[in-house]
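Scroll down for the structure; my scribbles are underneath it.
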Amino acid sequence: MAVKKTRILKYEWPTFVKDFNRQNQFRKATLSLGKKSVIGEPGLPLVGLCYNEDRRRMEFYFGGMDPKNPAHLAHRVEVPRAIYLIRDTEACNPVRGVQIKGAPEEDMAYVIFLDEEPAKCEWTAMLAYNLYKMRGTIHGEDQKDWYEAERLIEEVATPFID
């Protein structure tokens, strides 16, 4: 494994975040702060990173199972100071994750991908199942639940890549 870290220049951050989201959205990932795991294995699908230049903040959103809030904010780095792209040049999908450095007293935030392929279908299935449970486990509307889960995911995911 030939892991490399590439620092992203600050003026490139808005473009980098959109491109990163577009290329890696829905991949199953973990989130760690220093050595402490916030989202551990088996991981959750990454909905996207959000860089707010005016507020000087980077936010990490992951796929949740609650149909009322399918994308949840997992962590926020106030006043980010550096972004590093983590790559494995020998892997099929060379992007392994991203590292965000915040204020000196904050732990480094790491998003590390656990797989090569997006986990959107798995997330859709779990969300559809939770919709089924919310309806009182009444059978016969599985397609409706699936399409509603797809719609919810599309609704929360699209802003991260547009």
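Key figures for this structure:
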{"read-out": "Over 29 Å between alpha carbons, listed pairs Lys28/Lys144; Lys4/Lys28; Lys4/Lys36; Lys35/Lys68; Lys18/Lys68", "value": "Lys35/Lys68"}
{"read-out": "Fluctuation leader among Ala82, Ala128, Ala91 - the chain, Gaussian network, Cα springs under 10 angstrom", "value": "Ala91"}
{"read-out": "³J(HN,Hα) computed for each position of region 51-62 - Karplus, 6.51 cos²θ - 1.76 cosθ + 1.60, integer Hz, glycine/proline x", "value": "9, 10, 5, 5, 8, 6, 8, 10, 10, 10, 10, 10"}
{"read-out": "Relative intensity, log₁₀ I(q)/I(0), of region 3-160 from a Debye sum that treats every alpha carbon as a point, q = 0.09, 0.20 Å⁻¹", "value": "-0.31, -1.25"}
{"read-out": "Residues Val79 and Lys4, FRET efficiency given R0 of 22 Å [Cβ-Cβ distance, rounded to 0.05]", "value": "0.25"}
{"read-out": "Burial ordering of Asp19, Asp88, fewest other beta-carbon atoms within 10 Å first", "value": "Asp19, Asp88"}
{"read-out": "3J(HN,Hα) from dihedral phi, region 77-82, Karplus parametrisation 6.51/-1.76/1.60, rounded to Hz, x for glycine, proline", "value": "10, 7, 6, x, 10, 7"}
{"read-out": "Cα shape, region 55-142, gyration tensor, a/c 1.5 rule", "value": "oblate"}
{"read-out": "From phi via Karplus (6.51, -1.76, 1.60), per-residue ³J(HN,Hα) for region 136-146 in Hz, x at Gly/Pro", "value": "x, 6, 7, 7, x, 10, 5, 5, 4, 4, 4"}
{"read-out": "Centre separation in Å (Cα based) which lies between region 1-40 and region 51-99", "value": "5"}
{"read-out": "Approximate spin-label separation Asn52-Cys92, in nm, with each point projected 7 Å along Cα-to-Cβ", "value": "3.8"}
{"read-out": "FRET E, pair Ile112, Asp142, Förster distance 35 Å, beta-carbon r, rounded to 0.05", "value": "0.55"}
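Just so you know, all these numbers are worked out from the coordinates, no wet-lab data involved. All values reported here derive from a predicted model rather than from experimental measurement. So basically every Cβ, Gly included, is an ideal-geometry build from the backbone, and we count neighbours across all protein chains shown.
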